[in-house]
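K.L.:
This is the structure I have questions about; it appears just below.
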Amino acid sequence: MDREGRQKGGVLILVKNDIPAKDFKIDTGQQSEIHGAYITLGNTTVTIFNLYCPSDKDLALHTMNLPPENCLTVGDFNSHYTSWGYKESDRRGDEVEDWQIENNLLLLNDPEDPPTFFSRRWISTSTPDLAFASDDISKITSRKVQNQLAGSDHKLVILAVNMNYKPSNPKTFPRWNYSKADWVKFATLSDKLCKSVKCDDSNVNRACKNFNKAILEAANRSIPRGARRNYRPYWTEELQELENEVTNCREQVECSPTLNNNIALKASTARHKKAFNKAARTSWKQKTESLNLDKDGQKLWKLTKAMNDEDTKQIPIVIERGQEMVTGRRAANCFIDTYEEVSNIQVPDERKREIHKEIK
């Protein structure tokens, strides 16, 4: 988009010629220069806005119709705010911050990133180049400031968006065991560690980050935490020790296949099996006695699967459709389409009369 009234300048979005794209203009009333484009990648369409606003023009952020997802907004906002590395905030920075909050956008800049602009006039550096994204895009995007390019005042900034990202199976994260917490120790440590946090730091994000770090460190040192991914309710430290003993005996007999080592392996296996069965029976009795079968049916089945070392996760349905394997909603649509074809079979009138006679 060329700058009006000037022979040079403006904003530009370049797209590879093998990627479907459609550009559009934003009417800002000769204020901020904003150019937009729809880019289609597979089954996803991403909306991109490119903005440049001189310091003597209005940002006109309200002129952008931002979708709630798959949206990326980049540009030179010429605004100051501590969230993106400035020592102080100005009116335009407050305006950008309010716009970001209203539209549920996430800032991709990190205050610790190198500055992107060098002023030859003032011999100073700053970061007017910002990048905002919707929540889904922010999770798959990384931002990196490169070296200067061709003598430009602005450094090159690369935003890498991994559209092929597929989340892995959900992990079991460690949980805090508040019932065994040492709250006196936590209070003492948190007070001590928080005193080192500089609350007068002009960078609000850095101060908040240091405060959270202090609280988490105090919690890690005073509150037990942990969760096994394949949790078995009957597992104890004694069973783990016996399990380790069997493993050690197995390694010894494999390295040195003597009669004594083989006897030791059989003995350790027998001890482990006996303790295992006893712990499982005891745990089963305790758990089932505390369950209300009228209300806790789901918990009972989950417990049963855990006792049998069965995977409690649901296995996704996968259907072969032509040369493609589909799952999730697309697999459900295959069922619906097939049912529609079967249920829409046209029965000849003569056959209908025959069926009617047979029923009588």
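K.L.:
Order of 346-355, 42-51 by packing, highest average Cβ count within 10 Å first?
P.N.:
For the peptides 346-355, 42-51, the packing ranking is 42-51, 346-355.
K.L.:
What is the spread of the Cα atoms of the stretch 1-98 along each of their three principal axes, largest first, in whole Å?
P.N.:
43, 34, 21 Å, listed from the longest principal axis down.
K.L.:
Considering only C-alpha atoms, what is the centroid distance from the stretch 12-74 to the stretch 265-294, in Å?
P.N.:
For the stretch 12-74 versus the stretch 265-294, the Cα centre distance is 62 Å.
K.L.:
When you count, for each residue, the other Cβ atoms within 10 Å and take the mean per peptide, how do 271-277, 74-80 rank with the highest first?
P.N.:
Final packing ranking: 74-80, 271-277.
K.L.:
Can you run phi through the Karplus equation (6.51, -1.76, 1.60; θ = phi - 60°) for the stretch 29-34 and list ³J(HN,Hα) in whole Hz, with x for Gly and Pro?
P.N.:
So the Karplus estimates, Gly and Pro as x, are x, 6, 9, 4, 8, 10 Hz.
K.L.:
Another one. Calculate the all-directions average of the projected area of the stretch 81-148's alpha-carbon convex hull, and give it in nm².
P.N.:
Mean projected area of the Cα convex hull: 5.2 nm².
K.L.:
Which net charge results for the neighbourhood of E97, defined as the other residues with beta-carbon distances under 12 angstrom from its beta-carbon, given Lys and Arg at +1 and Asp and Glu at -1?
P.N.:
Around E97, the charge tally is -3.
K.L.:
If we count every other residue with Cβ under 14 angstrom of V246's Cβ, Lys/Arg +1 and Asp/Glu -1, where does the sum land?
P.N.:
-1
K.L.:
How do 123-135, 332-344, 241-253 rank on mean C-beta neighbours within 10 Å, highest first?
P.N.:
For the peptides 123-135, 332-344, 241-253, the packing ranking is 123-135, 241-253, 332-344.
K.L.:
Separate question: Can you compute the modelled spin-label distance between E112 and W176, with each label point 7 Å from Cα toward Cβ, in nm?
P.N.:
Each label point lies 7 Å from its Cα, and together they span 2.3 nm.
K.L.:
Return the long-range amide H neighbours of R225 (sequence gap of 5 or more, or a different chain), with a cut-off of under 5 Å between placed amide H atoms.
P.N.:
Sorted by chain and number, the residues that satisfy this are N177.
K.L.:
Using only Cα positions of the stretch 238-279, each an equal point scatterer, no hydration layer, compute I(q)/I(0) via Debye at q = 0.17, 0.23, 0.27, 0.32 Å⁻¹ and quote the log10 values to two decimals.
P.N.:
At q = 0.17, 0.23, 0.27, 0.32 Å⁻¹ the computed log10 ratios are -0.41, -0.67, -0.83, -1.02.
K.L.:
Identify the GluC sites (Glu not before Pro) of the stretch 90-139 meeting these criteria: DSSP loop state and at most 11 other C-beta atoms within 10 Å of the C-beta.
P.N.:
Those that pass, being in a loop and sparsely packed, are E112.
K.L.:
Net charge near V184: determine it from the other residues with C-beta under 14 Å of the C-beta of V184, scoring Lys and Arg +1 and Asp and Glu -1.
P.N.:
+2
K.L.:
While we're looking at this one, here's another question. Based on Cα coordinates alone, diagonalise the gyration tensor for the stretch 21-161, multiply each eigenvalue by 5, take square roots, and list the semi-axes in whole Å, largest first.
P.N.:
23, 18, 15
K.L.:
Kindly write out, for the stretch 263-269 in residue order, the coupling ³J(HN,Hα) from the Karplus curve 6.51 cos²θ - 1.76 cosθ + 1.60 (θ = phi - 60°), rounded to whole Hz, with x marking Gly and Pro.
P.N.:
Those phi angles translate into 5, 5, 5, 5, 5, 5, 5 Hz.
K.L.:
Now for a separate question. Under 5 Å between amide H atoms, partner at least 5 residues away or on a different chain: which partners does T28 have, H built in plane at 1.01 Å?
P.N.:
Residues meeting the amide H criterion: none.
K.L.:
Expressed in nm², what is the orientationally averaged projection area of the convex hull enclosing the Cα positions of the stretch 237-307?
P.N.:
5.4 nm²
Every read-out reported here was derived from the displayed coordinates using simple, explicitly stated rules and does not represent laboratory data. All figures in this text were calculated on a predicted structure; none of them were measured in a lab. All Cβ positions, even for glycine, are placed from backbone atoms using ideal geometry, and neighbour counts span all protein chains on display.
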